[in-house]
């Protein structure tokens with residue numbers, strides 16, 4: 001299977017949600033914090049026994065706990081981790097930013113990084129990042145998301161990729177080759193129907209989140225990119241989701257839905273449980289987050305997401321992390337970030353846990369060598385993409401977004417005027 005490279009090292013610049021808007025003037029202005037402390041601390045930062053605070057979203061709890069545990073065991077500084085429910089995170093960060101009480105370090109979904117950087121929530125890390133010997137191997141998408149006016153503010157915390165996963169046991173039962181990934185979206189559909197034909201109660205060919213705009217962008221955009229297509233115009237203010245390639249994607253999923261090969265609850269799935277049925281062994285194959293590889297309790301195959309006629313791509317998501325505007329321990333916080341990018345953290349913590357490394361020069365590590373699936377994930381990580389749009393949140397992720405209306409119209413409701421639906425996405429992007 002060939003991998004379609006990213007056409008541009010693009011950033012996902014999402015729109016502000018209502019919760020983010022409360023940041024207002026309290027978060028505006030310069031980067032805040034002790035601007036000289038980072039440089040004065042030296043390239044490795046300060047490890048002087050300080051106590052640091054770190055916030056992360058609940059989806060990354062496993063990785064965050066592992067990283068903090070190893071850091072605390074090997075450093076004089078100690079990091080106190082707070083894990084916040086995903087649905088509460090934006091509001092919690094907004095309230096803390098407004099009251100000047102952000103933690104020393106906090107992670108942010110890549111969808112929010114550009115907005116929070118523009119609001120001044122992160123300190124400038126540019127001189128320190130540029131001083132890293134391996135700076136050119138750090139994931140460029142995450143670095144770009146945190147760059148404003150040439151100043152870098154975040155490093156990758158944990159990368160998450162959308163990948164094709166398949167249940168090898170169900171593939172065998174369906175008479176499919178358990179060691180071969182579907183090479184096209186058409187083959188994907190054929191495999192899903194074959195698993196459905198097993199006829200076992202509660203087992204379905206595939207699943208997705210048909211009422212979850214973020215899930216659909218994360219997993220369906222790569223099929224368009226794999227074919228060399230685009231989802232947005234160059235300036236991020238026009239939608240290209242009515243093109244021939246996009247239509248093939250919708251038609252494939254509409255056919256799967258009509259055939260009964262899609263988990264029925266997918267129609268109302270808003271995101272919280274969109275991967276649960278696959279993890280429980282009840283779904284043959286689906287587009288699935290790579291971060292769940294280590295917690296999937298059975299033998300699975302992993303590949304990039306295919307396009308209608310071949311190729312493969314992925315949506316590079318996950319969280320970035322930086323030093324908050326309110327921290328007065330920026331030198332100590334940089335010590336944690338510097339360690340986070342080290343081989344010890346990237347390989348002996350993340351790769352060992354079957355997670356994606358954030359440095360391309362460490363992709364071929366000893367744990368990846370033991371598991372060819374990790375080699376595949378790491379390879380695709382460097383070839384993936386993310387879209388650029390100021391109003392991405394409103395156009396795609398928000399409940400009732402025009403993107404959701406388009407998908408539901410095309411897949412669940414028999415079609416509709418796709419150009420009109422696409423124009424509605426463009427109208428939001430232009431706001």
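The values are calculated or read from the model by the stated rules, or taken from the named source; none is laboratory data. Just so you know, these numbers come straight off a predicted model, no measurement behind them. Methodologically, a virtual Cβ is constructed for each residue, glycine included, from the backbone with ideal geometry; neighbour enumeration extends over all protein chains shown.
Output the residues belonging to region 396-413 that are over 15 Å from residue 428 (Cβ atoms), in contact with a helix residue (DSSP H, G or I) (Cβ under 9 Å, 6 or more places away or on another chain) and free of Cβ contacts under 8 Å to residues at least 24 places away in the same chain.
Answer for region 396-413, where residues must be over 15 Å from residue 428 (Cβ atoms), in contact with a helix residue (DSSP H, G or I) (Cβ under 9 Å, 6 or more places away or on another chain) and free of Cβ contacts under 8 Å to residues at least 24 places away in the same chain: just 409.
What helices (runs of 4 or more DSSP H) lie completely within region 355-431 and have 3 or more residues being modelled with pLDDT under 85? Spell out the reasoning first.
Details: elements: 366-370, 372-381, 402-411, 418-429.
Ranges flagged: 372-381.
May I ask you to say which residue of 346, 419, 394 is in the same structural domain as residue 299 (by TED's automatic domain parsing) and either touching a strand residue (DSSP E or B) at 6+ places or on another chain (Cβ under 7 Å) or under 21 Å from residue 218 (Cα atoms) (or both)?
On the way: 346 fails: in the same structural domain as residue 299 (by TED's automatic domain parsing); 419 fails: either touching a strand residue (DSSP E or B) at 6+ places or on another chain (Cβ under 7 Å) or under 21 Å from residue 218 (Cα atoms) (or both).
Of 346, 419, 394, the one residue that is in the same structural domain as residue 299 (by TED's automatic domain parsing) and either touching a strand residue (DSSP E or B) at 6+ places or on another chain (Cβ under 7 Å) or under 21 Å from residue 218 (Cα atoms) (or both) is 394.
Within the bounds of region 288-302, is there any residue that is surrounded by fewer than 24 Cβ atoms within 10 Å (Cβ to Cβ), on the phi > 0 side of the Ramachandran plot, in contact (Cβ under 8 Å) with a residue 24 or more places away in the chain and outside the structural domain of residue 47 (by TED's automatic domain parsing)?
no
What do you reckon, is residue 106 under 30 Å from residue 247 (Cβ atoms), part of a strand (DSSP E or B), in contact with a helix residue (DSSP H, G or I) (Cβ under 9 Å, 6 or more places away or on another chain) and in contact (Cβ under 8 Å) with a residue 24 or more places away in the chain?
Details: under 30 Å from residue 247 (Cβ atoms): no; part of a strand (DSSP E or B): yes; in contact with a helix residue (DSSP H, G or I) (Cβ under 9 Å, 6 or more places away or on another chain): yes; in contact (Cβ under 8 Å) with a residue 24 or more places away in the chain: yes.
It is false that residue 106 is under 30 Å from residue 247 (Cβ atoms), part of a strand (DSSP E or B), in contact with a helix residue (DSSP H, G or I) (Cβ under 9 Å, 6 or more places away or on another chain) and in contact (Cβ under 8 Å) with a residue 24 or more places away in the chain.
State whether the residues of region 147-156 include one that is under 16 Å from the mean Cα position of the chain (by Cα), in contact (Cβ under 8 Å) with a residue 60 or more places away in the chain and part of a loop (DSSP other than H, G, I, E, B).
In the first step, residues of region 147-156 are kept if they are under 16 Å from the mean Cα position of the chain (by Cα); the result is 154-156.
The next check asks that each one be in contact (Cβ under 8 Å) with a residue 60 or more places away in the chain; those that pass are 154-156.
With part of a loop (DSSP other than H, G, I, E, B) added as a condition, the list becomes 154.
Yes, region 147-156 has at least one match.
Based on this model, can you work out whether residue 13 counts as surrounded by 21 or more Cβ atoms within 10 Å (Cβ to Cβ), outside the structural domain of residue 104 (by TED's automatic domain parsing) and either at pLDDT below 70 or touching a helix residue (DSSP H, G or I) at 6+ places or on another chain (Cβ under 9 Å) (or both)?
Judged against the criteria, residue 13 is a match.
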